[in-house]
1. Under a crude label model (7 Å from the Cα following the beta-carbon direction), how far is E224 from D344 in nanometres?
2. Of the cross-linked pairs K42/K386; K138/K303; K63/K138; K84/K109, which ones have a Cα-Cα span greater than 31 Å in the structure shown?
3. How much FRET efficiency would the formula 1/(1 + (r/R0)^6) give for T188 and A353, where r is the Cβ-Cβ distance and R0 is 41 Å, rounded to 0.05?
4. Taking the Cα centre of each part, how many Å lie between region 253-327 and region 53-76?
5. For region 192-205, in order, what is each residue's ³J(HN,Hα) by Karplus, 6.51 cos²θ - 1.76 cosθ + 1.60 with θ = phi - 60°, in whole Hz (x at glycine and Pro)?
6. Whole number in Å², please: accessible area per residue of region 36-185, 1.4 Å probe, ligands, DNA and RNA not counted.
7. Using modelled amide H (1.01 Å from N, peptide plane; none on Pro or chain starts), what sits under 5 Å from the amide H of A130, excluding residues fewer than 5 places away?
8. Mind checking the dipole of region 70-169: about its Cα centre, +1 per Lys or Arg Cβ, -1 per Asp or Glu Cβ, Debye to the nearest 20?
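The values are calculated or read from the model by the stated rules, or taken from the named source; none is laboratory data. All of these numbers come straight from a predicted model, not from anything done at the bench. Quick reminder, even Gly has a Cβ in these numbers, built from the backbone with ideal geometry, and neighbours come from all protein chains shown. Quick note on the areas: whole protein, heavy atoms, side chains included, nothing else; ligands and nucleic acids left out. Shrake-Rupley method; radii C 1.70, N 1.55, O 1.52, S 1.80 Å.
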Amino acid sequence: MKQMLIHKETDYTVLALLEDGQVMQTDIDRPGGKQSEGNIYKGRVVNVLPGMQAAFVDIGQGKNAFLFIDELLEPNRADRGGPKPSITELVRAGQQLIVQITKEPIDGKGARVTTNIALPGRCMVYMPEADYVGVSRKISPEEARERLRTAGERLRRPGEGLIIRTVALEAALDELQQEVASLRETWTTIRQTAGHAEAPAELYGGNTLPQRVVADLISRQADEVWIDDAETYASIAAMLRLRPDGGTSSLRRYEEPDDMLARFGVLEQLERAYARRVRLPSGGELVWDQTEALTVIDVNTGKFVGTHMLEDTVYHANLEAAVAIARLLRLRDTGGIVLIDFIDMEQEQHRNAVKQLLEQELAKDKAQSHILGWTRLGLLEMTRQKKRENALGALLETCASCRGRGKLYNGPGLRERAGSPRK
């Protein structure tokens, strides 16, 4: 059972995604705010940096957006071999470009953008200048992949590109045709708007809370949506009624006097998930240390003693930890380099099984992650992409004095000398 909770406060709205009662993801939506990832802008190049092979683009967000050379080249150009041209050959200061946000502003840095536009639909992603057809890796068997690839080739025009999504397996050809036509028309409108807009200007966006919820329902990411705000409920219900299926059966209006997040156990779970030490159901423990660019996770058996051989105990503790780590990476929205110190395993097949299980669990995450393998010191090394600010972190304030790393001295002498006698 997948449930989405939408809890409205005065200054923000909290979204929580639960699977069988366990919190898997949280998000924060500010008043009048919208996610900017996927939005398309007409921007102006402010500065070109040949040494970084990058440019900064003003898209009207205060902080200039970052445009790397690979995001200027045509899709797959970087894979064709040969040296890349200098970025000064591709753009110049003052030039106006149509760009799309691929990574939202984080920690005071501007957004990351690309000129390779991609418009997502329910069954496919339309890329006006990609010139190829791709099929989701989740689609199998190979016969189904070939059938959808052939359909995509028939639907696209020369120079256009399509990525066929998993949902397309259940769609009829005419539905795919209608979606391609709709996305193509959207791109035509964007280009026409760009023709008379003065940079910086937003050309395509509006990824608001109701729109995101409806998209999740369409892609079957939630069996139930509980909403404790009447206005938000009415807005989402109205959008769903406009769809051909008119499905509002998944919506639930929460009207109880107590707090909805507390009733579903969200607050308690988040408190445990964001602790430095996270207890696992079997008695094992994760110790989570995070810096600006690196996260280190230590797996301990804790109170888990097992019932058989030591190797078997360690193996099962690591399997449980792998599932928990994948969930917490998603819930905390941890990005950058991640080192996992699993408990030492002697058998290579156990090491491979733990790595494979972690890969399977990470595949459920929308954020891209790559497991690089075991280091010579026996640590599992991986990376995870972070696209936006940490949701819960927006509600927490770091101590200005110690920046979250301070400790209180409890030894003799110091407080007395400072004029604060110990009690």
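1. Result for the modelled spin labels: 4.8 nm.
2. K138/K303; K63/K138
3. 0.20
4. 38 Å
5. 5, 5, 5, x, 10, 8, 9, 6, x, 8, 7, 9, 7, x
6. 51 Å²
7. G161
8. So the magnitude is around 240 debye.
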